[in-house]
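Asks: Got a structure here, written out as C-alpha cells. Questions coming.
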Amino acid sequence: MSTIPIIPDSAPFNSEQRSWLNGFLAGVFSRSGLPSGSGGGPAAPAPDEKPPLLILFGSQSGNAESFAKKLSKEATARGFAARAAGMDAVTAADLTKERQLLLVTSTWGEGDMPDNAVSFWDGLNQNGSSPQLSGLRYSVLALGDRNYGETFCLAGRKLDERLAELGAERIHPRVECDVDYDEPAQQWSTGVFTALQKDSGAKALVAPAVVEEVESGYTKKNPFPAPLLENRLLNATGSAKDTRHIAFSLDGSGLAYEAGDALGVCPQNCPGVVDQIIAAHGLAPDAPVPLPDGGMAPLRKALITAFDVRGKLGVKPDAAVTAGEFVASLRKLQPRLYSISSSPRAHPGEVHLTVSAVRYEKDGIAHKGVASTFLADRLPSGSSTGVFIQKSAHFRLPQDGNLPVIMVGPGTGIAPFRAFLEERQATSAAGKNWLFFGDQRRSSDYLYQAQLEAWKLNGHLTKLSLAFSRDQKEKLYVQHLMLQQAAELWSWLEQGAHFYVCGDASRMAKDVEAALLQIIREQGGRDEAGAAAYLGELKKAKRYQRDVY
C-alpha cells in the first residue's frame, strides 16, 4: 500500500527538496494522527520511525495471550513499534486507524469466541455499520483442539474471513494449531515477519532477531514434580458421582498463584487401557519407539506416559503396523488444566483441585477420563506428578474488597469460588458474597458442605442458594434460583457486584447467561437490545467473568 505524496510533482521544488519535504511532513502528520495524503487510511510512518504493529489476542485459558505477548517482544526486537492487547481493549472501529494487525485467538466451547473477543467480533458484524478495513494488512493465528472436529479453530477462521470481507489485506495465510502449538506458531510468525518486511513501511526494520523466551523456574515445558498430599472423596454414599478433593505440595517449587488461576497437571494413561490397545494391534510391549520430545522408550511405557491414545481403544487395525508407525500416528499427551480451588493465603505451600472422575461406557467398552481417573485412582499419596501454574488474568476478584460478588458454580464449578471465598476471608474483604451451587442430591453431592455452612453461619457467605436437581419431581438448577431471586440479584448488580460463572460451557453457562439477560430486561426495564448492552458493559468493566469448559 502506497501513500499519495503530500508535496505533488507539480510543486516548485526539485526532486531532492520534494523528497525531503514529503518525508518530513509524513512524520508530522503521522505523529499528529492526521492522514498524510488524499488516499485515506492511516499515514505511513516517517523513514526514521518504527512501523506500528498491533497484536490482538482472544484468550480464555491464557495460551493465546501468552503467545501474543511473546510475539510482541519479537516484533519489538525486529524494529516494530509493537503492542499486544486483548480484543476487549479495542473496538472494531479502532482498526480503521491501524495499518498492520496480527491476531491470535483460541476457540472456546462449541466453536465460540473467547469471552474477551465477543464484543470485538460483534463490532465486526454490525449490519450497515461495520468498519471498512481496506487500509489494513493482517494475518491470523488460530489455536484449537482437533478433538472438537468441525469446530476446530472456528473462532480464528471466522475472524480471518470477516476481516477479508471488510476489505483488509491478508499478508500471510492463517495457520491453525492443535494443542501442541509451539512449532506451527513459530513457523507462522516467521512467515508473517517475512511478509511484513516487504512493505514499504517496514524499511526501518533492524536485522531480524528472534527472541528466545527464557522461562525461569517450573513451567509447562519444565513442570514441577508435586507430591500428592490428599485425595479425598467429596461425595457421600449413594452418589452417582466420584468427585475428589486433590491437594498437592508446592514446597520448594517457587510457584505462586492467585485465586482464579488454573493448575496444569501432567497425567498418565491407564496401564490397563494401554495393554488392551497393544494387544488389539498385535504389537510387542517392549518394542523401542521414539518419544515426542526426543529419546527412545519401550512401547508400553511410551504409551502410558507420552502419547494420547484416546480413540484407540477397541479399534482393530486394517493392516499390520510396526510399533514406530503406530506411535507416529498419535498426538503427544498433553497436560490438563483444572481451576484451582484454594487460596494461597489460606493454604501456604499447597494447591487444591476439585476433580470429577469421568467414567462411562460406549458400545460395550468402558472409557475413562485420562487425567481425572489418573488423579482419582492411579496417583498414590506421596507420589508426584508434573504441575505448572496457568495464569487466568481474566478471572479475578475485584481489586476493591468492598464490592459484592455473585458466584454461580454448580458441581465442580465450585472450585474457583471456594478459592475466592477463602481469599476474601484471608484478606478481610468487607464486600458481600453470594454463592449459587447445585448438584444432583443434597444428601450425597453437597460438595464442601461443612465449609460452606460454616461460612453461612459466621456471615462470610452472605447468601447461599442451593439447587439439587434430583431432590424433587421437577428438575431445579442454578438458573432457576437466579430467576426466583431476580429482584435481589438485580439490586446487587446495581450496587456494583461482580458476577462470575464457572462450569459447563455448552449448557449451564448459556442457561445462566440467558437467565441473567432476562433479569436485566425485567428488573431493569430494558428491551433485548438494552439488556445486551447492559451485559456488554458488565463484560467491558470486568464485572462479568466466566471460567467455562
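Asks: Which entries of Lys221/Lys510; Lys362/Lys456; Lys97/Lys221; Lys391/Lys432 have Cα-Cα distances beyond 32 Å here? Display every interim value, and only then the final one.
Replies: Numbers: Lys221/Lys510 34 Å; Lys362/Lys456 42 Å; Lys97/Lys221 38 Å; Lys391/Lys432 26 Å.
Beyond 32 Å between Cα atoms: Lys221/Lys510; Lys362/Lys456; Lys97/Lys221.
Asks: Just to be sure I understand the model, the point goes 7 Å from the Cα along the line to the Cβ. What's the resulting Ala287 to Ala328 distance in nm?
Replies: 1.2 nm
Asks: Helix-only mean residue ellipticity at 222 nm, the chain, DSSP H runs n ≥ 4 weighted -39,500 (n - 2.57), per residue, nearest 500. What is it?
Replies: Details: 16 runs with 170 residues, N = 549.
The per-residue figure over the chain is -9500 deg cm²/dmol.
Asks: For the stretch 156-198, what log10 I(q)/I(0) values come out of the Debye formula at q = 0.16, 0.31 1/Å, with one point per alpha carbon and no solvent?
Replies: -0.48, -1.06
Asks: In addition: At 0.36 nm per residue, and after removing the present C-alpha to C-alpha distance, how many nm does the segment from Ile365 to Arg470 gain when stretched out fully?
Replies: On the way: separation 105, 0.36 × 105 = 37.80 nm, distance 2.78 nm.
Stretched fully, the Ile365-Arg470 segment lengthens by 35.0 nm.
Asks: To check my understanding: the extent here is largest minus smallest coordinate of the Cα atoms along each principal axis. What are those three numbers for the chain, in Å, largest first?
Replies: Computed over the Cα atoms, the extents are 94, 67, 45 Å.
Asks: At 1.4 Å probe size, what's the solvent-accessible area of Arg546? Round to the nearest 10 Å².
Replies: 50 Å²
Asks: Related question: Would you rank Glu361, Glu494 by solvent-accessible area, highest first, keeping every protein chain in place and using a 1.4 Å probe? If you can, show how the numbers build up before the last one.
Replies: Values: Glu361 140, Glu494 110 Å².
Accessible-area ranking of Glu361, Glu494, largest first: Glu361, Glu494.
Asks: Taking the 0 to 90 degree range and rounding to the nearest ten, how far is the long axis of helix 271-280 tilted relative to the main principal axis of the chain, both from C-alpha atoms?
Replies: Between the helix axis and the principal axis of the chain, the angle is about 80 degrees.
Asks: May I ask you to give the percent of accessible area on the chain that is carbon plus sulfur, with a probe radius of 1.4 Å? It would help to have the intermediate numbers written out before the result.
Replies: Numbers: 12760 of 25240 Å².
Reported share for carbon and sulfur atoms: 51 percent.
Asks: Put a dot 7 Å past each Cα toward the Cβ at Glu150 and Ser491; how far apart are the dots in nm?
Replies: 4.7 nm
Asks: Kindly express, to the nearest 10 degrees and within the range 0 to 90, the angle between helix 15-32's C-alpha long axis and the longest C-alpha principal axis of the chain.
Replies: On a 0 to 90 degree scale, this one is about 40.
Asks: Here is a further query. Across bins of 10 angstrom width beginning at 0, how are the C-alpha pair distances of the stretch 226-361 distributed, in whole percent?
Replies: 11, 32, 26, 23, 8, 0
Asks: Can you list the aspartates and glutamates whose alpha carbon is less than 18 Å from that of Lys158, not counting same-chain residues fewer than 8 positions off?
Replies: Partners within reach: Asp88, Glu110, Asp112, Asp115, Asp122, Asp145, Glu150, Glu169, Glu176, Asp178.
Asks: Related question: Ignoring ligands, DNA and RNA, how do Ser383, Ser444, Ser428 rank by accessible area with a 1.4 Å probe, largest first? Walk me through the numbers on the way to the answer.
Replies: Numbers: Ser383 35, Ser444 5, Ser428 95 Å².
I get Ser428, Ser383, Ser444, largest accessible area first.
Asks: So what's the angle, to the nearest 10 degrees on a 0 to 90 scale, between helix 415-426 and the longest Cα principal axis of the chain?
Replies: In the chain, helix 415-426 runs at an angle near 90 degrees to the longest axis.
Asks: As a test, work out the antiparallel percent of DSSP beta bridges whose residues both lie in the chain, rounded to the nearest 5.
Replies: Values: 35 of 77 bridges.
Looking only at bridges with both residues in the chain, the antiparallel portion is about 45 percent.
Asks: Still on this structure: With a 1.4 Å probe and all protein chains kept in place, how do Asp251, Asp182 rank by accessible area, largest first?
Replies: On the way: Asp251 110, Asp182 70 Å².
Descending order: Asp251, Asp182.
Asks: Determine the per residue accessible area of the chain with all protein chains present and a 1.4 angstrom probe, expressed in square angstrom. Spell out each step's value before the answer.
Replies: Values: 25240 Å² over 549 residues.
Normalised by residue count, the accessible surface of the chain is 46 Å².
The values are calculated or read from the model by the stated rules, or taken from the named source; none is laboratory data. Remember, it's a predicted structure, so these values are computed and weren't measured experimentally. Here the Cβ is made from the backbone with ideal geometry for all residues, glycine too, and neighbour counts use every protein chain on show. Keep in mind that these areas ignore ligands, DNA and RNA; they rest on the heavy atoms of the full protein, side chains included. Shrake-Rupley method; radii C 1.70, N 1.55, O 1.52, S 1.80 Å.
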